1. Could you give me the residue pairs with C-beta distances under 6 Å whose first residue belongs to segment 291-316 and is in a loop (DSSP other than H, G, I, E, B), whose second residue is open to solvent by 90 Å² or more (accessible area, probe 1.4 Å) wherever it lies, and which are 6+ apart or on separate chains?
2. Looking at this structure, is residue 296 open to solvent by less than 30 Å² (accessible area, probe 1.4 Å), modelled with pLDDT under 90 and charged (D, E, K, R)?
3. Might you let me know whether segment 88-95 holds any residue that is at pLDDT 90 or above, over 16 Å from residue 180 (Cβ atoms) and either of a type outside the set (A, V, I, L, M) or in a helix (DSSP H, G or I) (or both)?
4. Does residue 134 satisfy the criteria of being modelled with pLDDT of 80 or more, over 30 Å from residue 37 (Cβ atoms) and surrounded by 12 or more Cβ atoms within 10 Å (Cβ to Cβ)?
5. Looking at the structure I just gave you, is residue 239 among the aliphatic types (A, V, I, L, M) and farther than 30 Å from residue 130 by Cβ?
6. Taking segment 175-195 as the search range and keeping residues that are of a type in the set (Asp, Glu), more than 13 Å from the chain's Cα centre (by Cα) and assigned to a helix (DSSP H, G or I), which one is modelled with the lowest pLDDT?
7. When you scan segment 22-86 for helices (runs of 4 or more DSSP H) that lie fully inside it, which ones turn up with 3 or more residues that are modelled with pLDDT of 90 or more?
8. Taking the condition of being in contact with a helix residue (DSSP H, G or I) (Cβ under 7 Å, 6 or more places away or on another chain) and farther than 22 Å from residue 191 by Cα, how many residues in segment 133-147 meet it?
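The values are calculated or read from the model by the stated rules, or taken from the named source; none is laboratory data. Treat the numbers as computed from the prediction; the structure is a model and nothing was measured. Positions of Cβ are generated from backbone atoms using ideal geometry, with glycine treated the same way; all protein chains shown enter the neighbour counts. Calculation scope for accessible area: heavy atoms of the full protein, side chains included, ligands and nucleic acids excluded. Shrake-Rupley method; radii C 1.70, N 1.55, O 1.52, S 1.80 Å.
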Amino acid sequence: MKEDQIVQEESGFQDEEESLFQDIDLLQKHGINVADIKKLKSVGICTIKGIQMTTRRALCNVKGLSEAKVDKIKEAANKLIEPGFLTAFEYSEKRKMVFHITTGSQEFEILVGGGALTAQLPGAGGYSGGKIIFIDTENTFRPDRLRDIADRFNVDHDAVLDNVLYARAYTSEHQMELLDYVAAKFHEEAGIFKLLIIDSIMALFRVDFSGRGELAERQQKLAQMLSRLQKISEEYNVAVFVTNQMTADPGATMTFQADPKKPIGGHILAHASTTRISLRKGRGELRIAKIYDSPEMPENEATFAITAGGIGDAKE
């Protein structure tokens, strides 16, 4: 009785968001038992849309789910979500849910179309939302930097630190497993998390896979991770920001390119990213950001500064 009440409350609350946060427990009303729902949650599938985003083959790989059960789950999910088309106008209205997150530099925000990437800070009435998950693959995360940024905006250190969840990934497999926890956390605190950061996306893949003999497997695993990130972003309306590494391009000197470096990860990483920004060091604390690839923003550059209080505008 208590579980039914919880399901009804969440269903009513999330009706306005076009099933983006429909709880997977709603499947109980369509004949799916609680044990099978728990199996789905154990692999990070916590919403009806999450089922729609998962292939039948992947669902069959979940321990304890047979093909017959998967077909029944898919059928029940389709009754709750219409898999049809939208008009361009309807999709335009849906795109209004996309939010901009301030960076601290007006010039940088103009470059990326209105805003990019830090969490909402605690307001006068206390913390009002905007948590972050930070997955660190290079052991470079330092909480003291958050304290410096908090000082700049005159907010409480503990309030900022308490709203950043940190995890250290040690292998590419561990990095992928952490995404199941991320999905579960986004579901548990629906609408609270605004940003997922992975720094950096390729570091552990370069360690775990070496040479051309393992390149195909590496790219396949990378594609699976990027697909998972895209689905998490859409499912929970969360911004995903990943950093990447650069490598020297031996062929660049033969074609007289000005910059002989290129991002690693190949076309798979390039096509999975919505907006790609190239960063390079300027004089002193100055950095130059360039739109490398974007579906809606023109190629352009902006100069900003990395200060003690975080990202800011470059001083003249």
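1. Between residues of segment 291-316 that are in a loop (DSSP other than H, G, I, E, B) and residues that are open to solvent by 90 Å² or more (accessible area, probe 1.4 Å), the close pairs are 309/152.
2. no
3. Yes, segment 88-95 contains a residue that is at pLDDT 90 or above, over 16 Å from residue 180 (Cβ atoms) and either of a type outside the set (A, V, I, L, M) or in a helix (DSSP H, G or I) (or both).
4. no
5. No, not satisfied.
6. So the residue we want is 188.
7. Helices (runs of 4 or more DSSP H) meeting the threshold: 34-42, 56-60, 67-80.
8. Residues flagged as in contact with a helix residue (DSSP H, G or I) (Cβ under 7 Å, 6 or more places away or on another chain) and farther than 22 Å from residue 191 by Cα within segment 133-147 amount to 5.
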